[in-house]
Every structure is written in structure tokens, then in C-alpha cells.
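Remarks on the structure that follows.
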Amino acid sequence: MGSGPERMNKMGWIELIVGCMFAGKTEEFIRRLIRYKFGKKAIIVFKPEIDKRYSDDSVQTHHGISHSAHPVKDSKALYKILKEKEKEFDANKRFDVIGIDELQFFDKGIVDLVEKLANDGYIIVANGLDKDYKSDPFKNVFELLPLAEYVEKLSALCSQCGGHANRTQRLVNGAPVRDTEGPLVLISGQDSYEARCRHCYVKPDTKKKKK
Ligand SMILES: [Zn+2]
């Protein structure tokens, strides 16, 4: 007798995968989706339009594993496409599992939408960065933590010492960014960001302007 989510009588819950960059969030995300696929669940995957690192219509890991995904501009567009795609099904059939990639890049409406969809009977599998490079929480992910039934927090290994890393260091020309100028958005590949442990992480000076 398993005690995992698939043993529950009523359908609909939230599975949240969080962590810093290079922690394997996307690998875990895709692993869970494929697992549900083998269980004959109907799956649809969304990703924020902003994330065009590798492909426009798929979610990809740094190592090239991928899963098809619908790029959407915001939470409203996600809901619209979900309902449009379900119209193509026979009556009474709908998706079982909704995958949502990179939660932190969605508008704040994604929190209420995820909660609503889980209440409506969908299994939500979502992933996101829990902190930005200043180590401040990404709001969407932070707000979904208490709402999720299952939270998987992944860590990376520190690029400096090999210890457990749960922070994302932003680098410019190979050196940690010292102030908080520049975009919050973490979109680039391995060259501008690295995973660091609490001891090797250099926190940008967020109080710089107060003096
Ligand atoms: Zn370290």
C-alpha cells in the first residue's frame, strides 16, 4: 500500500519542486510528468513566455532532456489555453495533470490559479526558484509553499567548495555581483550564475543606496 499522492481518493493537489539554480529542478519536474504519463494520465505543460533559453515549445534541462510545453504570457493565458485544449477532447474528458515550469516568472495571479485548479481536481506539478540572486524569496513560489501538499526542496553542490548549495550567485565577468543593480530575472545559462553554499555565497549589498 503506497502512501504517495496517487493513493488519495479525491483528485487534485499541488506538487512543488523548489531550489536554487543547478539543483536539478527541471529533471525532477520532467521525471514526475513522465511518471504520470506511464500511469495513463492526460498531461499538459506550460511555461512562461519569458524563458526562451533553449526552445520555444518545450521545457529542457541543462543536459538536453526535454518535454513539450505551451509558452504562455501569464496566468490568464494559461487558463485560456487549458480550457481551449480540453474542448478538443470528448465530453467529460479533461487533463489530469498540469505541469507549470518556472513559477517565479509568472504574474502574481498564478498563485490563486494553481490553488483553484487543485481544488477543481487537477494534479499540479510545478517548479520554481525559491530565491533570487540577492537571496530574497520569489513571491509566487514563497506563497505557494504553504498551499502545496508536497514540497520537494532540491539543493545543488557549491561551485566553490563542493558543499550543499541552496543559493544562486550572480556573476558578471566571473565575479559575484556586489550591488543590486541590473535585472532580477535569472534567464541565462551557466556562465552568469552558479550555485553556492551559505559560506561561499557573497550577498549583494542591498543597503548601498541608504548611505
Ligand atoms: Zn561553498
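The values are calculated or read from the model by the stated rules, or taken from the named source; none is laboratory data. Since this is a predicted model, take the numbers as computed values, not measurements. Methodologically, a virtual Cβ is constructed for each residue, glycine included, from the backbone with ideal geometry; neighbour enumeration extends over all protein chains shown. Calculation scope for accessible area: heavy atoms of the full protein, side chains included, ligands and nucleic acids excluded. Shrake-Rupley method; radii C 1.70, N 1.55, O 1.52, S 1.80 Å.
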Test Arg32 against the criterion of being modelled with pLDDT of 95 or more and touching a strand residue (DSSP E or B) at 6+ places or on another chain (Cβ under 8 Å), and give yes or no. yes
Can you tell me which residue within the range 153-168, out of those that are within 10 Å of the ligand (Cβ to nearest atom) and under 16 Å from Lys134 (Cα atoms), is surrounded by the most Cβ atoms within 10 Å (Cβ to Cβ)? Ala165
Check Cys200 against each of (1) assigned to a loop (DSSP other than H, G, I, E, B); (2) modelled with pLDDT under 95 and name the one condition it does not meet. (2)
Under 8 Å by Cβ, and 6 or more places apart or on different chains, what pairs join a residue from the range 128-142 that is closer than 10 Å to Phe105 by Cα with one that is among the hydroxyl-bearing types (Ser, Thr, Tyr)? Leu129/Thr168
Would you call Asp136 closer than 23 Å to Ile50 by Cβ, open to solvent by 30 Å² or more (accessible area, probe 1.4 Å) and away from the ligand (no atom under 16 Å from the Cβ)? yes
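Within the range 7-124, which strands (runs of 3 or more DSSP E) (wholly inside it) include 1 or more residues that are open to solvent by less than 10 Å² (accessible area, probe 1.4 Å)? If you could, list the steps in order and put the result at the bottom.
On the way: elements: 13-19, 43-48, 58-60, 66-68, 70-72, 97-100.
Hits in the range 7-124: 13-19, 43-48, 58-60, 70-72, 97-100.
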